[in-house]
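Scroll down for the structure; my scribbles are underneath it.
The values are calculated or read from the model by the stated rules, or taken from the named source; none is laboratory data. Predicted model, so just to flag it, every value in this text is computed and none were measured. Quick reminder, even Gly has a Cβ in these numbers, built from the backbone with ideal geometry, and neighbours come from all protein chains shown.
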Amino acid sequence: MRNLILVCLSLPLAVGAQDALPKAETILDHYIEVTGGVAAYQKRHSVIEKGTMEMVGRGVKGSITNYMAAPDKAYSVIDLEGVGQMEEGSDGKVAWERSALQGPRVKDEKERAQAFEEAIFNAPIKWREIYTRVETKGSETVNGEDCWKILAMPKSGNAETLFFSKKTGLELKRSAVQATQMGDIPAEAFLSDYRENGGVLEPATVRQKFAGQEMVIHVEETTINPEIPPGRFDLPDEIQQLLKKAAPAKTGANAAPVPSGGGKLTIYMDGARMATETYSFLASGGRYTWTGSGEAHMGPMEMQIELYKVVTDEKYHPIEAELKTKMGQITREMKTTFADGKARNETASPKGPQIKEDTVSPDAVIMAFPLPVFPLNVLARRISFDTQDPQEFHAYLLGQREIPVTAKYIGKEKVEFANKTVELRHVAGSVEVQEGQPLEVNLWEDDNRQIVKLEAPSHHIEVYQEGYEPKPPPQTQPPPPSQTAPEPK
């Protein structure tokens with residue numbers, strides 16, 4: 001239930017009216033200014049909200065209290081007349097709920113990722129960390145007011161559509177598919193009655209419609225930077241017991257969590273930006289899904305990666321893949337399924353689908369050459385850090401053939417970027433994309449097994465994760481002035 005207020009309060013955005021479509025980035029940044037500015041947000045470290053909620057037309061009413069604290073702590077309690085108490089919480093590691101009707105429950109997969117996103121404190125000034133892609137899609141009227149319409153793709157979860165008043169710059173509506181215990185449910189939230197709380201404007205009334213129902217939440221009291229009661233964000237004993245029962249046995253020192261997420265990669269060749277890729281990763285229902293898109297400028301040709309998707313099981317055995325690209329006027333569409341040691345590729349053509357089967361190892365890493373790069377995150381997750389001996393893998397070039405891959409863990413090291421220095425795990429690898437011509441690659445990944453930097457020196461290629469900018473090239477010193485003696489007069 002806490003979604004119904006946190007989703008609506010977490011990321012309101014806006015921009016002033018213009019004749020042309022403004023960039024979504026401009027809209028997001030402008031919202032921060034019209035609601036108070038970065039400095040006002042940064043002064044807030046904790047919040048307590050108290051209010052009322054009502055299920056319209058059903059005679060169900062109650063009170064709601066939300067506790068939120070930086071960086072990602074959240075707890076809410078709802079008391080419904082004649083129903084009882086419901087609680088929800090998130091501490092950045094576990095998302096849970098407990099009610100008189102259904103007892104305690106630990107959220108997983110999409111619900112957990114959604115709860116973590118909603119619990120991000122001061123979310124408006126962190127939108128670049130939350131969304132992998134934002135795009136202005138046009139205009140639409142909301143309650144008689146002209147609004148900009150923005151499509152926003154979170155790092156995890158479903159896409160959101162946001163509507164911002166051209167006149168006031170305030171968010172008036174958002175729609176998204178909410179992950180719930182009963183499955184995905186489309187929902188719309190209408191935001192109004194903006195009020196100033198600690199220097200920041202926020203909606204005090206949220207009207208949400210979902211599954212044929214309507215609920216109204218009204219915030220009556222907001223306290224900024226209060227003392228949060230000790231233990232407020234601690235996991236209840238019942239939740240801790242559920243976690244102990246559900247804890248999986250580790251298979252080794254590298255048994256690591258697989259949180260949903262995503263990112264954006266920028267590819268450089270000879271120091272010039274060549275391509276960008278945006279991708280997401282979702283762990284759900286015993287499957288891992290990588291989905292992405294991108295664009296590249298390869299000499300005089302432009303390449304559009306409209307879709308690249310790879311689905312594996314929890315052991316990274318490929319299940320299916322899909323690729324759709326366009327280079328110039330040439331479109332390539334391929335769907336591949338993996339079963340019984342075979343890859344069955346179905347490629348679209350003017351004469352109908354063309355079928356090609358290849359023999360593939362059951363644990364092959366699925367790649368597309370030359371782009372996109374982000375599928376190498378699958379390989380990054382599989383490399384063991386228990387040894388520095390060479391590790392052998394198989395990779396399948398989609399629609400082509402299987403090739404050998406060798407990887408070796410070098411160790412942790414500090415890597416310097418233009419804007420920061422961080423400690424990352426260094427892996428050196430070799431892949432034989434062209435027969436007899438191994439391609440040497442170095443990659444650096446973070447603790448979430450996500451590639452932060454990649455280098456292919458022989459091809460003069462460097463790849464950087466968003467938020468990690470490449471160091472500028474060293475400045476060359478001009479030659480010293482000539483010291484030749486003046487000519488005699």
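Quick notes on this one:
- Residue within segment 424-446 that is under 29 Å from Ala283 (Cβ atoms) and free of Cβ contacts under 8 Å to residues at least 12 places away in the same chain present: no
- Total residues in segment 294-343, condition over 20 Å from Gly399 (Cα atoms) and part of a strand (DSSP E or B): 7
- Test: residue in segment 373-382 that is on the phi < 0 side of the Ramachandran plot and either assigned to a strand (DSSP E or B) or not assigned by TED's automatic domain parsing to the domain that holds Trp444 (or both): no
- In the set Ile120, Ile185, only one residue is aliphatic (A, V, I, L, M), in contact with a helix residue (DSSP H, G or I) (Cβ under 9 Å, 6 or more places away or on another chain) and assigned by TED's automatic domain parsing to the domain that holds Gln42; that residue is Ile120.
- The single residue among Ile410, Ile366 that is part of a strand (DSSP E or B), crowded, with 19+ Cβ neighbours inside 10 Å and modelled with pLDDT of 90 or more turns out to be Ile366.
- Cβ pairs under 6 Å, 6+ apart, first in segment 165-186 and of a type in the set (Lys, Arg), second not in a strand (DSSP E or B): Lys166/Ala17
- Candidates Val378, Val373, Val433, filtered to the one that is surrounded by 14 or more Cβ atoms within 10 Å (Cβ to Cβ) and farther than 22 Å from Thr278 by Cα: Val433
- Set side by side, the residues Val38, Val77 differ, and just one is within 26 Å of Glu196 (Cα to Cα) and surrounded by 14 or more Cβ atoms within 10 Å (Cβ to Cβ), which is Val77.
- Only one entry in Phe210, Phe233 is closer than 30 Å to Gly59 by Cα, surrounded by 15 or more Cβ atoms within 10 Å (Cβ to Cβ), touching a strand residue (DSSP E or B) at 6+ places or on another chain (Cβ under 6 Å) and not small (Gly, Ala, Ser), namely Phe210.
- Elements of type helices (runs of 4 or more DSSP H) in segment 32-150, at least 2 residues being among the aliphatic types (A, V, I, L, M), modelled with pLDDT of 90 or more and within 26 Å of the chain's Cα centre (by Cα): 38-42
- Only one entry in Glu445, Glu416, Glu440 is surrounded by fewer than 16 Cβ atoms within 10 Å (Cβ to Cβ), of a type in the set (D, E, K, R) and within 19 Å of Ile383 (Cα to Cα), namely Glu440.
- Taken over segment 16-70, residues that are of a type in the set (S, T, N, Q) and more than 23 Å from Leu170 (Cβ to Cβ) amount to 3.
- Per-region count, segment 33-70, residues closer than 25 Å to Val106 by Cβ and touching a Gly at 6+ places or on another chain (Cβ under 7 Å): 2
Residues checked against (1) closer than 25 Å to Asn197 by Cβ; (2) surrounded by 13 or more Cβ atoms within 10 Å (Cβ to Cβ); (3) without any contact (Cβ under 8 Å) to a residue 12 or more places away in the chain:
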position	(1), (2), (3)
Lys43	yes, yes, no
Ser46	yes, yes, no
Met86	yes, yes, no
Ala100	no, no, no
Arg112	no, yes, no
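- Within the set Ser175, Ser192, the sole residue that is more than 19 Å from the chain's Cα centre (by Cα), among the polar types (S, T, N, Q), over 30 Å from Ile239 (Cα atoms) and in a strand (DSSP E or B) turns out to be Ser192.
- Against the numbered list (1) more than 25 Å from Tyr41 (Cα to Cα); (2) without any contact (Cβ under 8 Å) to a residue 60 or more places away in the chain; (3) of a type outside the set (Phe, Trp, Tyr), Arg207 comes up short only at (1).
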